[in-house]
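The structure appears right after this line, and notes come after that.
The values are calculated or read from the model by the stated rules, or taken from the named source; none is laboratory data. Since this is a predicted model, take the numbers as computed values, not measurements. Positions of Cβ are generated from backbone atoms using ideal geometry, with glycine treated the same way; all protein chains shown enter the neighbour counts. The area values use the complete protein model at the heavy-atom level, side chains included, leaving out ligands, DNA and RNA. Shrake-Rupley method; radii C 1.70, N 1.55, O 1.52, S 1.80 Å.
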Amino acid sequence: DGSEKLPLWIIGKYAKPRCFKNVNLNSLNCEYRANKRAWMTGVLFEEYVRQLDKKMVGRKILLIVDNCPAHPKIIEGLRNVELFFLPPNTTSKIQPCDAGIIRAFKMHYRRRFYRSLLEGYELGVPNPAKINVLDAMNLAISAWTMDVSANTIANCFRHCKLRSTDNMTFENSDEGGESTQELQNLIKELGYRNAMDVEDVLTHPEENVVAQLLTDEEIIESVIGINKDDIDEEDDESSTMEPPSRNEAIKAAITLNNFLLSYEKTTPEVLTMLRKIRDEIQGEIDFNKKQKTIESFFKKPS
């Protein structure tokens, strides 16, 4: 029914990109893994399923899976999760993710990406279209956790006949025209020559490349953990994030607070979230330092 969304698993090419330096990855609502092709593999899929099995203690979960070669048919020892593999050539008809959930996710990701482009041009950022893995992860996490609605998920399960429609009402969801029009407007505002249509943006041919069966050499490499897969930072062009000081963070929070107080669309919920952020930053201040007295600000006469 869309009421519970699991964190994304994001697969990149580098195990430790430069952009991860100084970043608390535990604060991100996702799991990150890496291999040379940034593909799903049988090893990663099994790890995912086993982690899901541990999370679902006390529950019984049926995980509907397509016939991608990277999805092993048998995973021993599962207690709470049962795998159900769809028949060949039926994914587009009875797999809820393919019925609109993936499309909605991609639409919101693209919308956030193009918004960030416009923001970059407004701020004078050189080449704002160049983003690193961390930037892409933040866009993806926001699109999944904040934008893809429970209603979209419920509608897609209903469309695939995997959910009863008794005593349920359905409203327009993310796959509707409003989000599509907003994405089209953003693309138009960027002024591209020969701009792609929204449908072409959402179904780019390069994204249809699927994981393939690994060669013997690739299987051996993944098992023994050859360093090629770990890090080739020479090929990673992303930059390191320089963490701001606490003083800079406090000033930024004050500036944002003042802006939101004068912004006509600000809601009490937004200000409450900002106050929580300020409390978190202020909680780091060390009050154990020796308190200064008035004599601290004057030199004693010699």
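Give the range 75-120 a look and list any residue that's under 23 Å from the mean Cα position of the chain (by Cα) and farther than 22 Å from SER179 by Cα, or say none.
Answer for the range 75-120, where residues must be under 23 Å from the mean Cα position of the chain (by Cα) and farther than 22 Å from SER179 by Cα: just GLN95.
Looking at this structure, is LEU134 at pLDDT 90 or above and part of a helix (DSSP H, G or I)?
Spelling it out, LEU134 is indeed at pLDDT 90 or above and part of a helix (DSSP H, G or I).
Find all pairs meeting these conditions: Cβ atoms under 7 angstrom apart; at least six residues apart or on different chains; first residue within the range 2-25 and on the phi > 0 side of the Ramachandran plot; second residue open to solvent by 40 Å² or more (accessible area, probe 1.4 Å).
Note: pairs meeting the criteria are GLY2/ALA150; ASN22/THR240; ASN22/MET241; ASN22/PRO243.
Would you check if there is a residue in the range 113-124 being modelled with pLDDT under 95, within 22 Å of SER3 (Cβ to Cβ) and open to solvent by 40 Å² or more (accessible area, probe 1.4 Å)?
no
I'm trying to understand the selection: among the residues of the range 274-285, which are of a type outside the set (Gly, Ala, Ser) and either exposed (fewer than 11 other Cβ atoms within 10 Å of the Cβ) or touching a Ser or Thr at 6+ places or on another chain (Cβ under 9 Å) (or both)? Steps first, answer last, please.
Looking only at the range 274-285, we keep the residues that are of a type outside the set (Gly, Ala, Ser), and these are 274-282, 284-285.
Once the filter is applied, which keeps residues that are of a type outside the set (Gly, Ala, Ser) and either exposed (fewer than 11 other Cβ atoms within 10 Å of the Cβ) or touching a Ser or Thr at 6+ places or on another chain (Cβ under 9 Å) (or both), the range 274-285 yields LYS276, ASP279, GLU284, ILE285.
Being at pLDDT 90 or above, among the polar types (S, T, N, Q) and out of contact with any Lys or Arg (no Cβ under 9 Å at 6 or more places or on another chain) is the filter here; which residues of the range 246-269 pass it?
THR255, ASN258, SER262, THR266, THR267
Could you check, for the range 172-186, whether at least one of its residues is in a loop (DSSP other than H, G, I, E, B), at pLDDT 85 or above and either under 30 Å from ALA15 (Cα atoms) or not β-branched (Val, Ile, Thr) (or both)?
No, the range 172-186 contains no residue that is in a loop (DSSP other than H, G, I, E, B), at pLDDT 85 or above and either under 30 Å from ALA15 (Cα atoms) or not β-branched (Val, Ile, Thr) (or both).
Considering each of VAL148, VAL198 in turn, give the residue that is at pLDDT below 90 and under 28 Å from THR90 (Cβ atoms).
VAL198
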